[in-house]
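First the structure, in the form of structure tokens, and then the observations on it.
The values are calculated or read from the model by the stated rules, or taken from the named source; none is laboratory data. Quick caveat: nothing in here was measured; it's all calculated off a predicted structure. Glycine also receives a Cβ, built like all others from the backbone with ideal geometry; neighbour counts cover every protein chain displayed. Note: areas computed on protein heavy atoms with side chains; ligands, DNA, RNA excluded. Shrake-Rupley method; radii C 1.70, N 1.55, O 1.52, S 1.80 Å.
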Amino acid sequence: MHGVKRLFSWMIPRFDRERFTLSLMSLRKKDLSEETLEALGIDITYLERGKFDPLTLPAMLRVVDAQRIDVLHLHGYGATTFGRIVGALRRIPTIVHEHANLTDTPWFQKVADRALEPFTDIALAVSKSTADFVIRARQIPASKVKVVYLGVPLDEFSRPRTPAEIVDARRELGIAEHEFAVGTITRLHDSKGNSYLIDAAARVVAARPSTRFFLVGEGPLLDDLTGQAERLGLGDRFVFTGFRRDVARTLSAFDLSVFPSLWEGTPLTVFEALAMGKAIVATDADGLLDVLTNNKNAVVVPRRNAAALADTIVWAIDRPDARARLAAAARHSGHQFDIDVFVRKMERLYMLLADVSRATARRGILQADLTFLTSETLAS
């Protein structure tokens with residue numbers, strides 16, 4: 001499970017069930033992946049509509065009316081488009097939650113965003129660069145946009161692991177005791193820069209042959225990336241693990257976590273690595289720099305530079321003391337990004353929207369004190 005889907009799986013069960021009833025509405029067909037949200041006890045409705053299908057609107061209206069929805073929290077272009085129309089028709093407060101930081105949007109999305117801006121109560125962005133994208137490309141005024149960092153379950157990722165647990169996790173991946181494991185948990189997508197990691201791996205393995213690389217995840221570039229690794233003769237030095245259910249267990253097996261991204265919002269995987277206290281090497285992709293500081297909780301290299309990435313990985317392999325320092329700083333930073341804190345913020349925001357949006361024609365939320373959204377502590 002990647003991205004927003006993993007976020008849902010963490011956040012929805014953590015809401016106060018005595019005060020909130022949360023459900024998911026998917027515009028598409030039922031997810032056939034190995035792990036589904038229904039298995040986690042999450043209420044989800046599948047509309048089974050394609051892109052630009054006008055029947056999406058009446059389908060959404062039926063669900064919203066039947067469930068007597070008070071707040072719409074919207075993720076993705078289709079959801080933020082049809083969802084804000086529903087919000088306008090039913091006078092329901094809407095949250096546009098943006099996870100991307102693309103350079104632009106298609107012309108038809110611009111038309112929709114411009115028309116629907118008055119029916120947007122607030123927009124949340126996962127990073128500063130994402131906020132810039134929301135303001136510039138999605139045409140939502142800066143006064144409505146707030147950067148709210150996501151988080152991970154600290155009880156799952158930051159708990160101490162016994163040596164036996166780590167040995168077992170490494171054995172599952174076939175990592176020998178003498179081998180140095182470099183790993184990334186990611187989507188196989190252009191934005192993630194995995195082709196640069198493969199190029200870097202060839203350089204590292206030539207210099208430090210006991211190093212092994214692990215690329216965990218799925219995506220459309222699998223064939224291209226495996227072909228690249230084969231052409232470079234990496235063999236079992238570069239492993240494509242595919243989907244791994246227990247991300248925390250997999251992450252614990254790595255000696256070094258690497259983020260070769262070209263562009264990012266702020267990925268959940270970086271919060272996971274921080275919380276677990278992993279030594280991190282990352283590129284200077286915009287969203288990563290919101291939470292990573294060079295030579296403090298990570299070593300940062302230029303993106304699209306396989307040589308620099310390789311040199312820094314070799315540097316980290318050769319310096320266990322430096323890795324320990326980076327790991328300690330990462331763990332300290334990771335405690336700022338707790339999924340429970342994020343959920344408490346959303347609870348408070350939902351209540352505030354329900355109280356003031358309709359009564360003030362969507363103006364009241366911007367007059368309220370929203371500093372709790374950017375606080376690092378639990379909203380009281």
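Considering only the stretch 118-142, state which residues are of a type in the set (Ser, Thr, Tyr) and in a loop (DSSP other than H, G, I, E, B).
The answer is 120, 127.
Can you name the number of the only condition in (1) over 19 Å from residue 329 (Cα atoms); (2) under 18 Å from the mean Cα position of the chain (by Cα); (3) crowded, with 24+ Cβ neighbours inside 10 Å that residue 238 fails?
Answer for residue 238: the failing condition is (2).
Somewhere in the stretch 48-62, is a residue within 30 Å of residue 270 (Cα to Cα) and open to solvent by 70 Å² or more (accessible area, probe 1.4 Å)?
Within the stretch 48-62, not a single residue is within 30 Å of residue 270 (Cα to Cα) and open to solvent by 70 Å² or more (accessible area, probe 1.4 Å).
Yes or no: residue 165 open to solvent by 50 Å² or more (accessible area, probe 1.4 Å) and touching a residue at least 24 places away in the same chain (Cβ under 8 Å)?
yes
Just give me the residues in the stretch 2-61 being in contact (Cβ under 8 Å) with a residue 12 or more places away in the chain, on the phi > 0 side of the Ramachandran plot and not in a helix (DSSP H, G or I), in sequence order.
41, 48
For residue 105, indicate whether it is under 24 Å from residue 192 (Cα atoms), open to solvent by less than 30 Å² (accessible area, probe 1.4 Å) and polar (S, T, N, Q).
Yes, satisfied.
When only residues in the stretch 75-100 that are hydrophobic (A, V, I, L, M, F, W, C) and within 19 Å of the chain's Cα centre (by Cα) count, which is surrounded by the fewest Cβ atoms within 10 Å (Cβ to Cβ)?
79
Do you know which of the residues in the stretch 348-357 that are crowded, with 16+ Cβ neighbours inside 10 Å and in contact (Cβ under 8 Å) with a residue 60 or more places away in the chain is farthest from residue 92 (Cα to Cα)?
Among residues in the stretch 348-357 that are crowded, with 16+ Cβ neighbours inside 10 Å and in contact (Cβ under 8 Å) with a residue 60 or more places away in the chain, the one farthest from residue 92 (Cα to Cα) is 349.
Among the candidates 275, 298, which residue alone is farther than 23 Å from residue 238 by Cβ, surrounded by 24 or more Cβ atoms within 10 Å (Cβ to Cβ), out of contact with any Asp or Glu (no Cβ under 8 Å at 6 or more places or on another chain) and at pLDDT 95 or above?
Among 275, 298, only 275 is farther than 23 Å from residue 238 by Cβ, surrounded by 24 or more Cβ atoms within 10 Å (Cβ to Cβ), out of contact with any Asp or Glu (no Cβ under 8 Å at 6 or more places or on another chain) and at pLDDT 95 or above.
Could you say which residue among 72, 116, 7, 40 is in contact with a strand residue (DSSP E or B) (Cβ under 6 Å, 6 or more places away or on another chain) and either open to solvent by 50 Å² or more (accessible area, probe 1.4 Å) or among the aliphatic types (A, V, I, L, M) (or both)?
Unique residue meeting the criteria: 72.
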